[in-house]
Each structure stands twice: as structure tokens, then as C-alpha cells.
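The values are calculated or read from the model by the stated rules, or taken from the named source; none is laboratory data. All of these numbers come straight from a predicted model, not from anything done at the bench. Quick reminder, even Gly has a Cβ in these numbers, built from the backbone with ideal geometry, and neighbours come from all protein chains shown. We work out accessible area using only protein heavy atoms, side chains counted, and drop any ligands, DNA or RNA first. Shrake-Rupley method; radii C 1.70, N 1.55, O 1.52, S 1.80 Å.
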Amino acid sequence: NTDVTEKRKLEAQVQRAQRMDGLGTLAGGIAHDFNNFLTAVISYVALASETLSDGHPARQFLDEVGKAGTRATNLVRRILTFSRQNEPKRKTTMLQPVVEEALQLLRPTLDPLIEIRTRLAPDARPILADATQVHQVVMNLCLNAAHAIGGQQGVLGVRLEPLTISAEQAKETPGLREGPHVRL
């Protein structure tokens, strides 16, 4: 008799890895095609905006389409990053505009019974982050909260504030450093 338990576990791991690799390849192909469509949409929005006067009522809508197109382009970039297994691109980022944009896109998708309350400190310092990932985290957390509230009246609170971590607090949490931070 031979125990094949370990062999089966290894085979299952290899199959999962192969599926993930295939999913990455598929996602990369779809993202590449989608990126081509987005380029056309963003270009036509820019052309249409140029033909309108600054006070034209449609300009606001075109600006929103342009912002959504840019956010979608960043999402495609994330999918391509996943498919290539590359590291995200972190850069100095102010969180307040990222959070505000995520909430603005999220509002129409939420039940009207859910009130969004924000306290976004304008003095929150910039952080080193991938803005697209932060945007996605905010969207996911808010959608999870909205699902938890269900079809009833409720409040979804989002706060952004500066925070100073003391030496004692830094010791309690591995990887956390003493000094100024931002809490979302």
C-alpha cells in the first residue's frame, strides 16, 4: 500500500497554478482589447469637449465620461498587471480626491435609503500608493457595507484623517512605523 495523499495535494496545486496562469493570459487578452475600445471613447470625448463652449450643459457630462474612461483605463492597467504578475505602480498620492471620486461613482449604485456620510480631512498628507488600487479598495469596502445594510435605511461612513503613531503603538503592530500616517 502506498499513501498518495501528498502526491494528490501537489497535483491539485499544479492544476490551480495552471488555471491561474490561464486566467491571467485570458484577462490580459481581454484587457488589451478593452483598452483599444477605451482609447477610442476617451479620444472622442476629448474631441467632443473641444467643440463645446465652457458653459455648455453637456460639458459636465463629457467631463464625467472622461473621468470614468480614465478610471477604466487604470482598471485595465491593473488587469494587465495581474496578467503579467508585475508590481503595482506606487507614487505619491493624495487620498481625498481618490476617495471622493470612488464615492461619486458608487452613489448611483447604492440603495437610495443608504446615506453616505464623509469626513475627509483636507490636511491628510499624501501617501505612497497605487491610486487605482485604493479606489478599488474603497469601492469594495463600501459595496460590502451597503450589502450588509441590505434594503433598509442606513448610514455608510467614510473617514480620512491624519494620524500620528507613537513609539508604543508602532511596537504593538509589526511593520508599523512611528510618525505621521493617514487613516482611511
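Criterion first (in contact (Cβ under 8 Å) with a residue 60 or more places away in the chain, open to solvent by 50 Å² or more (accessible area, probe 1.4 Å) and either under 26 Å from A148 (Cβ atoms) or assigned to a strand (DSSP E or B) (or both)) does L105 satisfy it?
Against the criterion (in contact (Cβ under 8 Å) with a residue 60 or more places away in the chain, open to solvent by 50 Å² or more (accessible area, probe 1.4 Å) and either under 26 Å from A148 (Cβ atoms) or assigned to a strand (DSSP E or B) (or both)), L105 does not qualify.
Applying the set (1) exposed (fewer than 12 other Cβ atoms within 10 Å of the Cβ); (2) of a type in the set (G, A, S); (3) under 27 Å from N74 (Cβ atoms) to G179 leaves exactly one unmet item: (3).
Going by the structure shown, is A46 farther than 30 Å from G179 by Cα, over 20 Å from the mean Cα position of the chain (by Cα) and not in a strand (DSSP E or B)? Spelling it out, A46 is indeed farther than 30 Å from G179 by Cα, over 20 Å from the mean Cα position of the chain (by Cα) and not in a strand (DSSP E or B). Taking every residue in segment 134-160 that is at negative phi and pairing it with any residue that is charged (D, E, K, R) and modelled with pLDDT of 90 or more, at least 6 positions away or on another chain, the pairs with Cβ-Cβ distances below 6 Å are V155/E115; V155/R117; G157/R117; R159/R119. Taking the residues in segment 75-96 that are among the charged types (D, E, K, R) and part of a helix (DSSP H, G or I) as candidates, determine which candidate is modelled with the lowest pLDDT. The selected residue is R84.
Filtered by the rule that a residue be over 26 Å from the mean Cα position of the chain (by Cα) and touching a residue at least 12 places away in the same chain (Cβ under 8 Å), segment 161-178 gives S166, E178. Restricting D63, D54, D3 to residues that are open to solvent by 100 Å² or more (accessible area, probe 1.4 Å), within 26 Å of L103 (Cα to Cα) and either acidic (D, E) or at pLDDT 80 or above (or both) narrows the list to D54.
Here are some residues: I42, I116. Which one is open to solvent by less than 70 Å² (accessible area, probe 1.4 Å) and modelled with pLDDT of 90 or more?
None of the other options fit; the residue is I116.
Out of A72, A124, one residue alone is open to solvent by less than 30 Å² (accessible area, probe 1.4 Å) and part of a loop (DSSP other than H, G, I, E, B). It is A124. Here V99 clears all of (1) hydrophobic (A, V, I, L, M, F, W, C); (2) at pLDDT 90 or above; (3) open to solvent by 70 Å² or more (accessible area, probe 1.4 Å); (4) part of a helix (DSSP H, G or I) except the condition numbered (3). Taken over segment 127-144, the residue count meeting the criterion of being at pLDDT 90 or above and part of a loop (DSSP other than H, G, I, E, B) is 0.
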